[in-house]
Every structure is written in C-alpha cells, then in structure tokens.
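Novice: One structure, as structure tokens, below. Some questions next.
Every number in this text was worked out from the coordinates using simple rules, so none of it is lab data. Keep in mind it's a predicted model, so treat the numbers as computed, not measured. We place every Cβ from the backbone using ideal geometry, glycine too, and count neighbours over all the protein chains shown.
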Amino acid sequence: MVRALHGVIGALRPHMTNDWLDLVDDPDFPRTPLRGGFVLKTGRKGLIDLLSKWQKAGVNHAALGIQFSERPAKEIIQELAEAILPLFPSLEGPEPLSTKW
C-alpha cells in the first residue's frame, strides 16, 4: 500500500508507523503479540526482521514505544543504538531551508 501511495504522489514522502515494544534479552525470542496485539514482545532478531519488512514496504520512519517493556529503558536504548540502528541508516534529506530571523 505504501508503494502504491508513493506511485500516486510521486516523490518519496515520509511514511511512518509505530509499535509498542517489549524488547527482551534473548535475541532469538520470537515476535509475540501481547495485550491483544497492542504490544510486541520480541528479541533483537525479530525486531530486525520486522523493521526490514517495514522498510521493504516503504516505511521510512518508525516510532518504538518502550513504556510497556520489562527491561530498563537504558538497556533497551543501548541495544537499539548498538545492534539495530546501524542496520537502518538514516536517509538523506533535503538541504535545510535558509531561515531569515
């Protein structure tokens, strides 16, 4: 659907999605929906697989809420920064507009 939308509007436009995440210590823990699918409990490999699928579908922004995680936020953020984000480099954006103050 995202690709079809891009075909209609032309140039790449941001498309984002979000998920509430409970990122567990075990990197092989399977993607498991909790709270009726409201929260995704998964290990690193499951998250990488999901983000890859989103990327292939045309998603270029993702918000991951960690409020419902069992692990401390500091651990999750560190794992995201060290093991996951390097696999999904930022896209080049347009040059900033000049600001006249």
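Novice: Hey, if you put +1 on the Cβ of every Lys and Arg and -1 on every Asp and Glu Cβ in the chain, which of Gly43, Pro30, Ser90 ends up farthest toward the positive end of that dipole?
Specialist: Positive-most Cα among the choices belongs to Ser90.
Novice: Sort the following peptides by mean Cβ neighbour count (other Cβ atoms within 10 Å, averaged over residues), highest first: 32-45, 75-88.
Specialist: 32-45, 75-88
Novice: Per residue of the chain, what 222 nm ellipticity follows from adding -39500 (n - 2.57) for every DSSP H run with n ≥ 4, rounded to the nearest 500?
Specialist: -8500 deg cm²/dmol
Novice: Hey, what did the chain get for relative contact order, percent, Cα under 8 Å, at least 6 apart?
Specialist: Computed value for the chain: 29 percent relative contact order.
Novice: Sticking with this one: Excluding same-chain pairs closer than 8 in sequence, count the lysine pairs in the chain whose Cα atoms lie under 30 Å apart.
Specialist: Final tally of qualifying lysine pairs is 8.
Novice: What size of dipole, in debye to the nearest 20, comes out for the chain about its Cα centre when the only charges are +1 on Lys and Arg C-beta atoms and -1 on Asp and Glu C-beta atoms?
Specialist: Its charge dipole is roughly 440 debye.
Novice: A further question on this structure: For the Cα atoms of the chain, what angle does the longest principal axis make with the long axis of helix 44-57, in degrees from 0 to 90, nearest 10?
Specialist: 30 degrees
Novice: Could you give the distance between the Cα centres of segment 28-44 and segment 55-72, to the whole Å?
Specialist: Distance between centres, Cα-based: 12 Å.
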